[in-house]
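The values are calculated or read from the model by the stated rules, or taken from the named source; none is laboratory data. Fair warning: this is a prediction, and the values are worked out from it, not measured in the lab. Cβ placement follows ideal geometry from the backbone for every residue including glycine, while neighbour counts extend to all protein chains displayed. Side chains are part of the model used for accessible areas, which takes the heavy atoms of the whole protein and leaves out ligands, DNA and RNA. Shrake-Rupley method; radii C 1.70, N 1.55, O 1.52, S 1.80 Å.
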Amino acid sequence: MPRPPRRSVFSWLGLLALLAGTIGLAYGGLGSVAPAALIVIAAAMAAIVLIVFMELDRGVSLLWVFAGAGFFWLAVLFVLTGIDYWTRYSFAPS
């Protein structure tokens, strides 16, 4: 039976450790610092998935172009959603 590649095993263990950190922050909390810490953890998890499983570190530059385009459109969607949220009047709950 062949062994799995070391890189995949270490990335999986890293993702599990970050997941444990997320769960720990959810129950323990750091007060007002918790949202920033959770965003940093989520960014680290996304970076591991992008680099290891999508193989962006070994990929051709066209992969980087499409990954960058995906992040660009994700940023556009976040900005438009934020603008819509911040410009609405406060309506009475129904």
* **Ranking by accessible area, most exposed first, for 8, 61, 32 with a 1.4 Å probe** => 32, 61, 8
* Structure fact -> At R0 = 25 Å the Cβ-Cβ FRET efficiency linking residue 61 and residue 7, nearest 0.05, sits at 0.70
* Structure-based [θ]222 nm, the chain - -39500 (n - 2.57) summed over DSSP H runs of at least 4, per residue, nearest 500 -> -24000 deg cm²/dmol
* To do: Enumerate the calculated ³J(HN,Hα) couplings along segment 37-42 in order (Karplus 6.51 cos²θ - 1.76 cosθ + 1.60, θ = phi - 60°), each rounded to whole Hz, writing x wherever the residue is Gly or Pro.
  => 5, 5, 5, 5, 5, 5
* Asked: With θ set to phi - 60° and the Karplus curve 6.51 cos²θ - 1.76 cosθ + 1.60, what are the ³J(HN,Hα) couplings of segment 76-90 in order, to the nearest whole Hz, using x for Gly and Pro?
  -> 4, 5, 5, 5, 5, 5, x, 5, 5, 5, 6, 9, 7, 7, 7
* To do: Kindly provide log₁₀ I(q)/I(0) values, in the same order as q = 0.24, 0.25 Å⁻¹, from the Debye equation applied to equal alpha-carbon scatterers of the chain.
  => -1.15, -1.17
* Per-residue HN-Hα couplings for segment 5-20, Karplus 6.51 cos²θ - 1.76 cosθ + 1.60 at θ = phi - 60°, whole Hz, x for Gly and Pro? -> x, 4, 4, 5, 5, 5, 5, 5, 5, x, 5, 5, 5, 5, 5, 4
* Asked: Hey, in the GNM for the chain with a 10 angstrom Cα cutoff, which one of 14, 82, 28 fluctuates hardest?
  -> 82
